1. Taking 0.36 nm per intervening residue step and subtracting the Cα-Cα distance, what contour gain separates Asp77 from Ile25 on full extension?
2. Arrange Arg90, Arg38 by Cβ neighbour counts within 10 Å, fewest through most, would you?
Amino acid sequence: MNEEQGRTPGKEPFYFKSYDKVIGIAHDVHELKNEIERLMQVDAKALEYHLSEGHIVQWLNYIGEKELASKLVGVKDPKDALEIINAHLRPRNVVMDKEPNTGCRSRRQRRSRHN
């Protein structure tokens with residue numbers, strides 16, 4: 001996978017900051033989830049600040065993730081935010097993991113029926 005895949009083209013990433021220091025960067029929802037998980041262990045206060053000030057919600061709206069943004073409005077607890085993000089991503093993962101059902105049996109399935 002190249003560096004640009006999965007990123008929102010032409011959009012600025014979200015910069016997690018603690019005072020004037022950048023402590024994390026997210027280019028998309030998957031990276032946001034990963035950074036929240038990491039920052040919960042490293043700098044939970046900075047994460048709580050970004051949530052309580054609505055910075056993450058603003059950025060999600062900016063990159064077009066309006067549905068997720070609306071679910072995170074007013075969420076201040078990083079654990080709650082992570083749970084909401086995971087639930088938001090879950091349906092997408094289920095769809096991507098499924099193979100299309102064409103109604104045709106595989107060669108293996110046809111052979112095993114005759115044995």
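1. Values: separation 52, 0.36 × 52 = 18.72 nm, distance 1.92 nm.
Here the segment from Asp77 to Ile25 would lengthen by 16.8 nm.
2. Working: Arg90 10, Arg38 14.
In order of increasing Cβ crowding within 10 Å: Arg90, Arg38.
Coordinate-derived values only; no laboratory data. From a predicted model like this one, the values you see are computed outputs, not experimental measurements. Reconstructed Cβ throughout: ideal geometry from the backbone, glycine too, with neighbour counts over all protein chains shown.
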